[in-house]
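What follows is a single structure, written as C-alpha coordinates, with notes after it.
The values are calculated or read from the model by the stated rules, or taken from the named source; none is laboratory data. The model shown is predicted, which means the values in this text are computed figures rather than measured ones. Heads up, the Cβs are rebuilt from the backbone with ideal geometry, glycines too, and the neighbour counts pull from every protein chain shown.
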Amino acid sequence: MTTPTQKTTTNAKPITFNPEMATRKLSEFWRGLENGKIYASKCRKCGTLSFPPVADCSRCMSSDPEWIEIEGEGEIETFTKIMIRPKNFADHSPYTVAVAKMKEGVKVLASITVPDEGKLKIGAKIKLITKKAEAGSTYEFTLQ
Amino acid sequence: MVTSVNRVAIVGVGHSKFGDRRDVTLPELGFEATKPAFEDAGLTPRDIDFVSVGISGVWYEDFLPAVVVSEYSGLAGKGLMRCEAACASGSAAVTSAYNMVRTGASKATVAIGIEKMIGVEPLTMMEVIGRAGYYLWEFHNFGMTFPGYYAMHATQHFHRFGTTDKQLAAVAVKSHKYGSMNSNAHFQKPITINDHLTSRVVAWPLKLYDCCPVSDGAAAVILASEDLARSLTDSPVWIDGIGISSDTANMSKRPDYIGLQASVTAAQQAYRMSNITPNQLDIANVHDCFTIAEIMAYEDLGFCEKGKGGPFVEDGQTEMGGKIPVNLDGGLKSKGHPLGATGVSMMVELTRQLRKQAGKRQAAVKNGLALAHNVGGTGHYCYVTVLRS
(Lines give C-alpha, C1' and ligand atoms only; values in the text may rest on other atoms or scores of the structure.)
Protein backbone atom coordinates (compact mmCIF):
# COMPACT_ATOMS: atom_id res chain seq x y z
CA MET A 1 0.00 0.00 0.00
CA THR A 2 1.34 3.43 -0.87
CA THR A 3 0.61 6.47 1.18
CA PRO A 4 -0.10 9.71 -0.69
CA THR A 5 2.88 12.05 -0.52
CA GLN A 6 2.12 15.29 1.24
CA LYS A 7 2.89 18.42 -0.77
CA THR A 8 5.55 20.41 1.06
CA THR A 9 5.99 23.43 -1.23
CA THR A 10 3.73 26.08 -2.73
CA ASN A 11 4.37 28.54 -5.57
CA ALA A 12 4.67 32.30 -5.12
CA LYS A 13 2.61 34.50 -7.42
CA PRO A 14 4.45 34.95 -10.76
CA ILE A 15 5.99 38.25 -11.79
CA THR A 16 7.32 39.29 -15.22
CA PHE A 17 9.77 42.02 -16.21
CA ASN A 18 10.80 43.09 -19.69
CA PRO A 19 12.49 46.46 -19.15
CA GLU A 20 12.75 49.02 -21.95
CA MET A 21 16.33 49.60 -23.12
CA ALA A 22 17.25 53.08 -24.37
CA THR A 23 18.67 53.21 -27.90
CA ARG A 24 18.82 57.01 -28.32
CA LYS A 25 22.51 57.72 -27.73
CA LEU A 26 23.63 54.97 -30.12
CA SER A 27 20.93 55.69 -32.70
CA GLU A 28 23.54 56.05 -35.48
CA PHE A 29 24.80 52.57 -34.73
CA TRP A 30 21.29 51.04 -34.82
CA ARG A 31 20.41 52.99 -37.97
CA GLY A 32 23.65 51.77 -39.54
CA LEU A 33 22.66 48.17 -38.92
CA GLU A 34 19.36 48.75 -40.72
CA ASN A 35 21.39 50.01 -43.69
CA GLY A 36 23.81 47.09 -43.71
CA LYS A 37 26.69 48.93 -41.98
CA ILE A 38 28.42 48.09 -38.69
CA TYR A 39 30.02 51.00 -36.84
CA ALA A 40 32.52 51.21 -34.01
CA SER A 41 32.65 54.49 -32.09
CA LYS A 42 35.82 56.58 -32.02
CA CYS A 43 36.35 59.22 -29.36
CA ARG A 44 37.15 62.52 -31.10
CA LYS A 45 39.15 63.68 -28.08
CA CYS A 46 41.41 60.71 -27.24
CA GLY A 47 40.98 58.54 -30.32
CA THR A 48 39.84 55.39 -28.48
CA LEU A 49 38.05 53.01 -30.83
CA SER A 50 35.25 51.06 -29.11
CA PHE A 51 33.15 48.05 -29.92
CA PRO A 52 30.53 47.64 -28.64
CA PRO A 53 30.17 51.34 -29.44
CA VAL A 54 29.83 53.91 -26.67
CA ALA A 55 28.40 57.43 -26.59
CA ASP A 56 30.62 58.36 -23.65
CA CYS A 57 34.34 57.60 -23.53
CA SER A 58 35.32 55.59 -20.45
CA ARG A 59 38.98 56.52 -21.00
CA CYS A 60 38.87 60.34 -21.18
CA MET A 61 35.21 60.87 -20.15
CA SER A 62 34.36 63.02 -23.17
CA SER A 63 31.05 62.51 -25.00
CA ASP A 64 31.84 63.25 -28.63
CA PRO A 65 32.05 60.06 -30.73
CA GLU A 66 32.49 59.69 -34.46
CA TRP A 67 31.39 56.58 -36.29
CA ILE A 68 33.92 54.34 -38.03
CA GLU A 69 32.61 51.59 -40.27
CA ILE A 70 33.95 48.10 -39.56
CA GLU A 71 34.70 46.52 -42.91
CA GLY A 72 34.14 43.05 -41.52
CA GLU A 73 37.41 41.15 -41.90
CA GLY A 74 38.66 39.39 -38.80
CA GLU A 75 40.03 36.24 -37.17
CA ILE A 76 38.48 33.97 -34.56
CA GLU A 77 40.03 34.28 -31.08
CA THR A 78 37.76 31.79 -29.33
CA PHE A 79 34.35 30.13 -29.63
CA THR A 80 31.86 27.75 -28.03
CA LYS A 81 28.88 25.76 -29.23
CA ILE A 82 25.92 26.28 -26.88
CA MET A 83 24.08 22.98 -26.51
CA ILE A 84 21.96 23.66 -23.39
CA ARG A 85 20.08 26.84 -24.28
CA PRO A 86 18.47 29.42 -22.02
CA LYS A 87 14.69 29.78 -21.83
CA ASN A 88 14.42 32.50 -24.52
CA PHE A 89 16.58 30.43 -26.92
CA ALA A 90 15.09 27.04 -26.05
CA ASP A 91 13.44 26.62 -29.47
CA HIS A 92 16.71 27.36 -31.36
CA SER A 93 18.99 24.54 -32.55
CA PRO A 94 22.36 24.46 -30.79
CA TYR A 95 24.31 27.53 -31.92
CA THR A 96 27.93 28.66 -32.02
CA VAL A 97 29.16 31.97 -30.59
CA ALA A 98 32.65 33.37 -31.26
CA VAL A 99 34.87 36.28 -30.34
CA ALA A 100 36.84 37.65 -33.30
CA LYS A 101 39.53 40.31 -33.59
CA MET A 102 38.66 42.68 -36.42
CA LYS A 103 41.13 44.28 -38.81
CA GLU A 104 40.37 47.68 -37.25
CA GLY A 105 41.64 46.39 -33.86
CA VAL A 106 38.41 45.98 -31.91
CA LYS A 107 36.95 42.63 -30.91
CA VAL A 108 33.38 41.49 -31.50
CA LEU A 109 31.32 38.75 -29.87
CA ALA A 110 28.60 37.33 -32.13
CA SER A 111 26.91 34.17 -33.39
CA ILE A 112 28.68 32.43 -36.25
CA THR A 113 27.18 30.41 -39.08
CA VAL A 114 29.24 27.25 -39.41
CA PRO A 115 28.54 25.19 -42.53
CA ASP A 116 31.55 22.92 -41.90
CA GLU A 117 32.52 22.39 -38.24
CA GLY A 118 35.93 21.03 -39.30
CA LYS A 119 36.88 24.54 -40.46
CA LEU A 120 35.93 26.22 -37.18
CA LYS A 121 39.16 26.91 -35.32
CA ILE A 122 41.09 29.66 -33.57
CA GLY A 123 42.75 31.84 -36.21
CA ALA A 124 40.14 31.05 -38.90
CA LYS A 125 39.17 34.05 -41.07
CA ILE A 126 35.65 35.36 -40.62
CA LYS A 127 33.48 38.08 -42.11
CA LEU A 128 31.20 40.20 -39.92
CA ILE A 129 27.90 40.97 -41.66
CA THR A 130 24.58 42.55 -40.74
CA LYS A 131 21.52 40.41 -40.42
CA LYS A 132 17.86 41.37 -40.69
CA ALA A 133 15.70 39.94 -37.95
CA GLU A 134 12.08 40.41 -36.94
CA ALA A 135 13.02 41.93 -33.61
CA GLY A 136 15.44 44.43 -35.26
CA SER A 137 18.68 44.22 -37.23
CA THR A 138 21.71 42.54 -35.74
CA TYR A 139 25.06 41.17 -36.95
CA GLU A 140 26.79 37.81 -37.20
CA PHE A 141 29.98 36.15 -38.41
CA THR A 142 30.34 33.86 -41.40
CA LEU A 143 33.37 31.61 -41.86
CA GLN A 144 35.48 32.59 -44.87
CA MET B 1 36.98 58.15 16.17
CA VAL B 2 39.26 55.60 14.56
CA THR B 3 42.25 55.20 16.86
CA SER B 4 44.00 52.18 15.42
CA VAL B 5 43.44 49.45 12.91
CA ASN B 6 42.11 46.29 14.54
CA ARG B 7 42.92 42.71 13.68
CA VAL B 8 39.85 40.69 12.76
CA ALA B 9 39.32 37.04 13.70
CA ILE B 10 36.86 34.37 12.64
CA VAL B 11 35.50 33.03 15.94
CA GLY B 12 32.48 31.03 14.82
CA VAL B 13 31.49 29.06 11.73
CA GLY B 14 28.29 27.33 10.65
CA HIS B 15 27.22 25.52 7.49
CA SER B 16 23.95 24.04 6.26
CA LYS B 17 23.69 20.92 4.16
CA PHE B 18 24.06 22.00 0.49
CA GLY B 19 21.89 20.45 -2.21
CA ASP B 20 18.19 20.34 -3.04
CA ARG B 21 16.81 22.20 -0.03
CA ARG B 22 13.23 22.70 -1.13
CA ASP B 23 12.37 21.27 2.29
CA VAL B 24 13.02 24.66 3.95
CA THR B 25 12.38 28.36 3.28
CA LEU B 26 15.22 30.82 2.72
CA PRO B 27 15.27 32.11 6.33
CA GLU B 28 14.97 28.54 7.70
CA LEU B 29 17.99 27.62 5.59
CA GLY B 30 19.89 30.62 6.94
CA PHE B 31 19.11 29.54 10.50
CA GLU B 32 20.83 26.18 9.80
CA ALA B 33 24.06 28.16 9.33
CA THR B 34 23.71 30.94 11.92
CA LYS B 35 22.72 28.73 14.87
CA PRO B 36 25.84 26.53 14.75
CA ALA B 37 28.00 29.61 14.08
CA PHE B 38 26.76 31.26 17.28
CA GLU B 39 27.24 28.03 19.23
CA ASP B 40 30.76 27.67 17.83
CA ALA B 41 31.62 31.25 18.86
CA GLY B 42 29.98 31.06 22.25
CA LEU B 43 27.99 34.20 21.40
CA THR B 44 24.32 35.00 20.87
CA PRO B 45 22.64 37.33 18.37
CA ARG B 46 22.53 39.96 21.17
CA ASP B 47 26.35 40.19 21.02
CA ILE B 48 26.35 41.14 17.32
CA ASP B 49 26.60 44.75 16.08
CA PHE B 50 26.35 44.28 12.33
CA VAL B 51 25.05 41.71 9.81
CA SER B 52 25.95 41.35 6.14
CA VAL B 53 24.05 38.96 3.93
CA GLY B 54 25.66 37.74 0.69
CA ILE B 55 22.88 36.81 -1.70
CA SER B 56 22.85 37.20 -5.45
CA GLY B 57 19.45 36.02 -6.67
CA VAL B 58 16.80 38.25 -8.22
CA TRP B 59 14.19 35.48 -8.30
CA TYR B 60 12.99 35.44 -4.69
CA GLU B 61 9.42 35.93 -3.65
CA ASP B 62 10.83 38.47 -1.18
CA PHE B 63 12.35 41.71 -2.46
CA LEU B 64 14.37 42.07 0.77
CA PRO B 65 15.70 38.56 1.41
CA ALA B 66 18.49 39.83 3.69
CA VAL B 67 15.93 41.33 6.07
CA VAL B 68 13.87 38.13 6.15
CA VAL B 69 16.99 36.01 6.83
CA SER B 70 18.28 38.42 9.48
CA GLU B 71 14.98 38.63 11.39
CA TYR B 72 14.62 34.83 11.46
CA SER B 73 18.09 34.45 12.99
CA GLY B 74 17.29 36.90 15.79
CA LEU B 75 19.26 39.79 14.30
CA ALA B 76 16.52 42.40 13.69
CA GLY B 77 17.70 45.83 14.82
CA LYS B 78 21.36 45.26 13.98
CA GLY B 79 23.20 47.15 11.28
CA LEU B 80 22.29 45.28 8.09
CA MET B 81 23.55 45.22 4.53
CA ARG B 82 22.79 43.03 1.53
CA CYS B 83 25.99 42.32 -0.44
CA GLU B 84 25.92 41.41 -4.11
CA ALA B 85 28.94 40.45 -6.22
CA ALA B 86 27.37 37.61 -8.24
CA CYS B 87 28.97 34.28 -7.27
CA ALA B 88 31.36 36.21 -4.99
CA SER B 89 28.54 37.78 -2.94
CA GLY B 90 29.57 35.68 0.07
CA SER B 91 33.08 37.13 0.05
CA ALA B 92 31.62 40.60 -0.38
CA ALA B 93 29.57 39.97 2.78
CA VAL B 94 32.66 38.76 4.66
CA THR B 95 34.55 41.86 3.49
CA SER B 96 31.79 44.17 4.75
CA ALA B 97 31.61 42.41 8.12
CA TYR B 98 35.43 42.49 8.29
CA ASN B 99 35.57 46.22 7.54
CA MET B 100 33.18 47.03 10.41
CA VAL B 101 35.49 45.29 12.88
CA ARG B 102 38.67 46.48 11.21
CA THR B 103 37.68 50.13 11.57
CA GLY B 104 36.57 49.65 15.18
CA ALA B 105 32.94 50.45 14.35
CA SER B 106 31.90 46.98 15.56
CA LYS B 107 33.19 44.43 18.07
CA ALA B 108 31.38 41.41 16.63
CA THR B 109 29.74 40.95 13.24
CA VAL B 110 28.21 38.09 11.29
CA ALA B 111 28.43 37.40 7.55
CA ILE B 112 25.74 35.12 6.21
CA GLY B 113 26.00 33.68 2.69
CA ILE B 114 22.86 32.13 1.30
CA GLU B 115 21.08 31.15 -1.90
CA LYS B 116 18.15 29.03 -3.01
CA MET B 117 18.22 28.18 -6.72
CA ILE B 118 16.53 24.83 -7.22
CA GLY B 119 12.97 26.13 -6.92
CA VAL B 120 13.47 28.06 -10.19
CA GLU B 121 12.82 26.16 -13.44
CA PRO B 122 16.27 25.08 -14.86
CA LEU B 123 16.18 26.81 -18.29
CA THR B 124 15.02 30.04 -16.62
CA MET B 125 18.02 29.75 -14.27
CA MET B 126 20.25 29.15 -17.33
CA GLU B 127 18.76 32.36 -18.76
CA VAL B 128 19.27 34.48 -15.61
CA ILE B 129 22.87 33.38 -15.18
CA GLY B 130 23.53 33.63 -18.93
CA ARG B 131 22.87 37.34 -18.47
CA ALA B 132 25.94 37.54 -16.19
CA GLY B 133 27.95 39.41 -18.80
CA TYR B 134 26.67 42.37 -20.81
CA TYR B 135 23.05 41.59 -21.68
CA LEU B 136 22.67 43.93 -24.65
CA TRP B 137 25.85 42.91 -26.50
CA GLU B 138 26.19 39.25 -25.56
CA PHE B 139 22.85 37.79 -24.58
CA HIS B 140 20.04 39.68 -26.33
CA ASN B 141 20.91 38.47 -29.83
CA PHE B 142 23.49 35.76 -29.23
CA GLY B 143 22.17 33.77 -26.25
CA MET B 144 25.41 33.38 -24.32
CA THR B 145 25.27 31.14 -21.28
CA PHE B 146 27.43 30.92 -18.19
CA PRO B 147 28.94 27.55 -19.24
CA GLY B 148 29.45 29.20 -22.65
CA TYR B 149 31.65 31.94 -21.19
CA TYR B 150 33.94 29.46 -19.45
CA ALA B 151 33.85 27.22 -22.52
CA MET B 152 35.35 30.13 -24.51
CA HIS B 153 38.20 30.18 -21.99
CA ALA B 154 38.65 26.40 -22.28
CA THR B 155 38.79 26.65 -26.10
CA GLN B 156 41.63 29.16 -25.93
CA HIS B 157 43.43 27.37 -23.05
CA PHE B 158 43.34 24.08 -25.02
CA HIS B 159 44.67 25.84 -28.12
CA ARG B 160 47.47 27.77 -26.40
CA PHE B 161 48.71 25.21 -23.88
CA GLY B 162 47.50 21.83 -25.06
CA THR B 163 45.22 21.43 -22.04
CA THR B 164 43.04 18.34 -22.50
CA ASP B 165 39.62 16.96 -21.70
CA LYS B 166 41.31 14.37 -19.51
CA GLN B 167 42.91 17.11 -17.44
CA LEU B 168 39.49 18.72 -16.96
CA ALA B 169 38.22 15.28 -15.95
CA ALA B 170 41.02 15.03 -13.36
CA VAL B 171 39.64 18.16 -11.67
CA ALA B 172 36.12 16.71 -11.60
CA VAL B 173 37.29 13.33 -10.25
CA LYS B 174 39.30 15.05 -7.50
CA SER B 175 36.37 17.28 -6.50
CA HIS B 176 33.91 14.40 -6.30
CA LYS B 177 36.39 12.30 -4.34
CA TYR B 178 36.58 14.91 -1.56
CA GLY B 179 32.89 15.77 -1.90
CA SER B 180 32.11 12.13 -1.10
CA MET B 181 33.87 12.68 2.24
CA ASN B 182 31.90 15.86 3.10
CA SER B 183 28.51 15.28 4.71
CA ASN B 184 27.41 18.82 3.74
CA ALA B 185 28.17 18.34 0.02
CA HIS B 186 25.46 18.36 -2.65
CA PHE B 187 27.02 15.33 -4.39
CA GLN B 188 28.67 12.71 -2.18
CA LYS B 189 29.49 10.13 -4.83
CA PRO B 190 32.91 9.57 -6.45
CA ILE B 191 33.03 9.64 -10.27
CA THR B 192 35.49 8.21 -12.80
CA ILE B 193 37.39 9.84 -15.66
CA ASN B 194 35.10 7.91 -17.97
CA ASP B 195 31.93 9.28 -16.31
CA HIS B 196 33.28 12.72 -17.13
CA LEU B 197 34.42 11.98 -20.69
CA THR B 198 31.11 10.33 -21.67
CA SER B 199 28.84 13.01 -20.13
CA ARG B 200 26.76 15.21 -22.47
CA VAL B 201 28.14 18.44 -23.90
CA VAL B 202 26.67 21.55 -22.24
CA ALA B 203 28.71 24.22 -24.07
CA TRP B 204 31.49 22.75 -26.18
CA PRO B 205 34.14 21.86 -25.06
CA LEU B 206 32.60 21.71 -21.56
CA LYS B 207 30.53 18.69 -20.56
CA LEU B 208 28.05 18.11 -17.77
CA TYR B 209 30.76 16.93 -15.36
CA ASP B 210 32.78 20.08 -16.04
CA CYS B 211 29.98 22.16 -14.49
CA CYS B 212 29.08 22.81 -10.87
CA PRO B 213 25.47 22.07 -9.96
CA VAL B 214 22.71 24.54 -9.20
CA SER B 215 22.33 24.25 -5.42
CA ASP B 216 20.66 25.58 -2.30
CA GLY B 217 22.67 26.28 0.84
CA ALA B 218 23.82 28.68 3.53
CA ALA B 219 26.97 29.35 5.54
CA ALA B 220 27.81 31.84 8.29
CA VAL B 221 30.95 33.20 9.94
CA ILE B 222 31.17 35.33 13.08
CA LEU B 223 33.96 37.89 13.15
CA ALA B 224 35.36 39.55 16.26
CA SER B 225 37.90 42.18 17.24
CA GLU B 226 41.20 40.92 18.64
CA ASP B 227 40.38 41.52 22.32
CA LEU B 228 36.99 39.85 22.03
CA ALA B 229 38.42 36.97 19.99
CA ARG B 230 41.13 36.29 22.57
CA SER B 231 38.51 36.21 25.34
CA LEU B 232 36.42 33.67 23.39
CA THR B 233 38.92 31.20 21.98
CA ASP B 234 42.49 29.93 22.05
CA SER B 235 42.32 29.23 18.31
CA PRO B 236 41.17 32.34 16.47
CA VAL B 237 41.66 32.33 12.71
CA TRP B 238 42.71 35.75 11.48
CA ILE B 239 41.59 37.39 8.26
CA ASP B 240 45.10 38.36 7.28
CA GLY B 241 44.88 39.63 3.73
CA ILE B 242 42.16 40.68 1.31
CA GLY B 243 42.38 41.47 -2.40
CA ILE B 244 39.47 42.63 -4.54
CA SER B 245 39.33 43.24 -8.26
CA SER B 246 36.95 43.27 -11.22
CA ASP B 247 36.95 43.25 -15.02
CA THR B 248 34.94 44.36 -18.06
CA ALA B 249 31.34 43.24 -18.38
CA ASN B 250 31.95 42.65 -22.11
CA MET B 251 34.00 39.52 -22.82
CA SER B 252 35.07 41.12 -26.13
CA LYS B 253 36.87 43.93 -24.26
CA ARG B 254 39.39 41.60 -22.62
CA PRO B 255 42.82 40.90 -24.13
CA ASP B 256 42.68 37.10 -23.91
CA TYR B 257 40.80 34.12 -22.46
CA ILE B 258 43.52 32.03 -20.85
CA GLY B 259 42.89 33.25 -17.30
CA LEU B 260 41.03 35.86 -15.27
CA GLN B 261 42.90 39.13 -14.77
CA ALA B 262 40.71 39.92 -11.74
CA SER B 263 42.08 36.77 -10.04
CA VAL B 264 45.68 37.77 -10.73
CA THR B 265 45.17 41.30 -9.40
CA ALA B 266 43.18 40.29 -6.31
CA ALA B 267 45.72 37.58 -5.43
CA GLN B 268 48.64 40.00 -5.71
CA GLN B 269 46.88 42.43 -3.36
CA ALA B 270 46.09 39.70 -0.82
CA TYR B 271 49.64 38.27 -0.89
CA ARG B 272 51.07 41.77 -0.44
CA MET B 273 48.77 42.57 2.49
CA SER B 274 49.67 39.26 4.18
CA ASN B 275 53.30 39.57 3.15
CA ILE B 276 53.38 35.97 1.91
CA THR B 277 54.06 34.07 -1.30
CA PRO B 278 51.75 31.37 -2.64
CA ASN B 279 54.23 28.59 -1.82
CA GLN B 280 53.72 29.29 1.91
CA LEU B 281 50.02 28.29 1.74
CA ASP B 282 48.98 25.04 3.41
CA ILE B 283 45.66 24.78 1.60
CA ALA B 284 43.37 26.69 -0.74
CA ASN B 285 39.78 26.78 -1.85
CA VAL B 286 39.49 28.06 -5.41
CA HIS B 287 36.45 29.01 -7.45
CA ASP B 288 35.83 25.88 -9.55
CA CYS B 289 32.42 26.73 -11.00
CA PHE B 290 33.78 24.85 -14.02
CA THR B 291 36.78 22.51 -14.19
CA ILE B 292 38.63 24.92 -16.50
CA ALA B 293 38.10 27.63 -13.86
CA GLU B 294 40.05 25.57 -11.32
CA ILE B 295 42.91 25.02 -13.77
CA MET B 296 43.05 28.75 -14.57
CA ALA B 297 42.89 29.54 -10.84
CA TYR B 298 46.03 27.45 -10.11
CA GLU B 299 47.84 29.58 -12.68
CA ASP B 300 46.32 32.97 -11.84
CA LEU B 301 46.99 32.50 -8.11
CA GLY B 302 50.60 31.49 -8.75
CA PHE B 303 50.36 27.85 -7.62
CA CYS B 304 51.95 26.86 -10.95
CA GLU B 305 53.11 28.59 -14.14
CA LYS B 306 50.61 29.93 -16.68
CA GLY B 307 49.61 27.08 -18.96
CA LYS B 308 50.75 24.32 -16.59
CA GLY B 309 47.48 23.94 -14.65
CA GLY B 310 46.41 20.82 -16.55
CA PRO B 311 49.54 18.76 -15.80
CA PHE B 312 49.55 20.22 -12.25
CA VAL B 313 46.22 18.58 -11.38
CA GLU B 314 46.96 15.45 -13.39
CA ASP B 315 50.16 14.96 -11.35
CA GLY B 316 48.17 15.13 -8.11
CA GLN B 317 49.79 18.38 -6.93
CA THR B 318 46.43 19.69 -5.69
CA GLU B 319 45.45 16.50 -3.84
CA MET B 320 45.79 16.07 -0.08
CA GLY B 321 49.55 15.62 0.41
CA GLY B 322 50.36 17.41 -2.87
CA LYS B 323 52.19 20.71 -3.30
CA ILE B 324 49.00 22.60 -2.38
CA PRO B 325 45.78 20.76 -1.54
CA VAL B 326 42.83 22.49 -3.27
CA ASN B 327 39.11 22.18 -2.50
CA LEU B 328 39.26 19.36 0.04
CA ASP B 329 35.56 20.03 0.75
CA GLY B 330 34.62 19.01 -2.81
CA GLY B 331 34.68 22.54 -4.19
CA LEU B 332 31.79 24.17 -6.01
CA LYS B 333 31.83 21.23 -8.39
CA SER B 334 30.78 18.59 -5.85
CA LYS B 335 29.91 20.47 -2.64
CA GLY B 336 27.59 22.65 -4.72
CA HIS B 337 27.43 26.35 -5.58
CA PRO B 338 24.57 28.26 -3.94
CA LEU B 339 25.89 31.57 -5.31
CA GLY B 340 25.80 33.84 -2.24
CA ALA B 341 26.75 31.01 0.14
CA THR B 342 29.93 29.97 -1.66
CA GLY B 343 32.40 32.61 -0.42
CA VAL B 344 31.28 32.17 3.18
CA SER B 345 31.37 28.37 2.81
CA MET B 346 35.03 28.69 1.75
CA MET B 347 35.79 30.58 5.00
CA VAL B 348 33.99 27.93 7.04
CA GLU B 349 35.99 25.13 5.42
CA LEU B 350 39.35 26.89 5.70
CA THR B 351 38.71 27.91 9.32
CA ARG B 352 38.04 24.25 10.16
CA GLN B 353 41.17 23.22 8.25
CA LEU B 354 43.34 25.75 10.11
CA ARG B 355 41.79 24.63 13.44
CA LYS B 356 42.52 21.00 12.40
CA GLN B 357 38.85 20.09 12.70
CA ALA B 358 38.40 18.77 9.14
CA GLY B 359 38.46 15.09 10.08
CA LYS B 360 39.43 12.70 7.30
CA ARG B 361 39.69 15.62 4.88
CA GLN B 362 42.29 17.39 7.07
CA ALA B 363 45.27 18.89 5.22
CA ALA B 364 48.70 19.12 6.83
CA VAL B 365 48.93 22.58 8.43
CA LYS B 366 52.55 23.74 8.65
CA ASN B 367 52.52 27.51 8.18
CA GLY B 368 48.95 28.14 9.30
CA LEU B 369 48.04 29.85 6.04
CA ALA B 370 45.01 29.25 3.83
CA LEU B 371 43.62 31.04 0.78
CA ALA B 372 40.05 31.51 -0.46
CA HIS B 373 39.51 32.52 -4.10
CA ASN B 374 35.95 33.53 -4.93
CA VAL B 375 35.03 34.71 -8.44
CA GLY B 376 31.81 36.49 -9.43
CA GLY B 377 30.63 35.92 -12.99
CA THR B 378 33.41 35.18 -15.47
CA GLY B 379 36.03 37.16 -13.57
CA HIS B 380 33.66 40.11 -13.38
CA TYR B 381 34.42 40.23 -9.67
CA CYS B 382 37.18 38.51 -7.71
CA TYR B 383 37.81 38.33 -3.96
CA VAL B 384 40.93 36.64 -2.58
CA THR B 385 41.21 36.20 1.19
CA VAL B 386 44.19 34.90 3.18
CA LEU B 387 43.46 33.31 6.55
CA ARG B 388 46.14 32.76 9.22
CA SER B 389 45.90 30.62 12.36
Next on the checklist: Looking at segment B:1-28, I want the residues that are within 14 Å of chain A (Cβ to nearest Cβ) and have a partner that is at pLDDT below 95 with Cβ atoms under 7 Å, at least 6 apart or on another chain. Which pairs are those?
Outcome noted: B:ARG22/A:THR9; B:ARG22/B:GLY119; B:ASP23/A:THR8
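Would you check which residues across segment B:1-46 are of a type in the set (A, V, I, L, M) and at pLDDT below 95 and list them? If you could, list the steps in order and put the result at the bottom.
First, pick out the residues of segment B:1-46 that are of a type in the set (A, V, I, L, M): B:1-2, B:5, B:8-11, B:13, B:24, B:26, B:29, B:33, B:37, B:41, B:43.
Selection gives B:MET1, B:VAL2, B:VAL5.
Yes/no per residue for (1) crowded, with 17+ Cβ neighbours inside 10 Å; (2) free of Cβ contacts under 8 Å to residues at least 24 places away in the same chain; (3) away from chain A (no Cβ under 14 Å); (4) touching a Lys or Arg at 6+ places or on another chain (Cβ under 8 Å):
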{"position": "B:SER96", "(1), (2), (3), (4)": "yes, no, yes, no"}
{"position": "B:ILE129", "(1), (2), (3), (4)": "yes, yes, no, no"}
{"position": "B:TYR134", "(1), (2), (3), (4)": "yes, no, no, no"}
{"position": "B:PRO147", "(1), (2), (3), (4)": "yes, no, no, no"}
{"position": "B:HIS153", "(1), (2), (3), (4)": "yes, no, no, no"}
{"position": "B:THR163", "(1), (2), (3), (4)": "yes, no, no, no"}
{"position": "B:THR192", "(1), (2), (3), (4)": "no, yes, yes, no"}
{"position": "B:VAL201", "(1), (2), (3), (4)": "yes, yes, no, yes"}
Checklist entry - Taking segment A:87-127, which residues are hydrophobic (A, V, I, L, M, F, W, C), part of a loop (DSSP other than H, G, I, E, B) and either within 23 Å of A:PRO52 (Cα to Cα) or more than 8 Å from chain B (Cβ to nearest Cβ) (or both)? => result A:VAL106, A:VAL114, A:LEU120, A:ILE122, A:ALA124
Item to check | Given (1) at pLDDT 95 or above; (2) facing chain A (nearest Cβ under 9 Å); (3) in a helix (DSSP H, G or I), index of the condition B:GLY143 fails | outcome: (3)
Item to check | Complete set of residues in segment A:104-129 that are over 18 Å from B:GLU138 (Cβ atoms), among the charged types (D, E, K, R) and surrounded by 12 or more Cβ atoms within 10 Å (Cβ to Cβ) | outcome: A:GLU104, A:LYS121, A:LYS125, A:LYS127
Checklist entry - Can you list the strands (runs of 3 or more DSSP E) found entirely within segment A:1-86 that contain at least 1 residues being among the hydroxyl-bearing types (Ser, Thr, Tyr)? => result A:39-43, A:73-82
Checklist entry - B:VAL67 fails exactly one of the following numbered conditions: (1) within 22 Å of the chain's Cα centre (by Cα); (2) surrounded by fewer than 20 Cβ atoms within 10 Å (Cβ to Cβ); (3) farther than 22 Å from B:LYS107 by Cβ. What is the number of that condition? => result (1)
Checklist entry - Only one residue in A:SER41, A:SER50 is of a type in the set (Gly, Ala, Ser), in contact with a strand residue (DSSP E or B) (Cβ under 7 Å, 6 or more places away or on another chain) and within 11 Å of chain B (Cβ to nearest Cβ). Which one? => result A:SER50
Checklist entry - Can B:THR318 be described as in contact with a helix residue (DSSP H, G or I) (Cβ under 7 Å, 6 or more places away or on another chain), crowded, with 24+ Cβ neighbours inside 10 Å and over 30 Å from B:ALA249 (Cα atoms)? => result yes
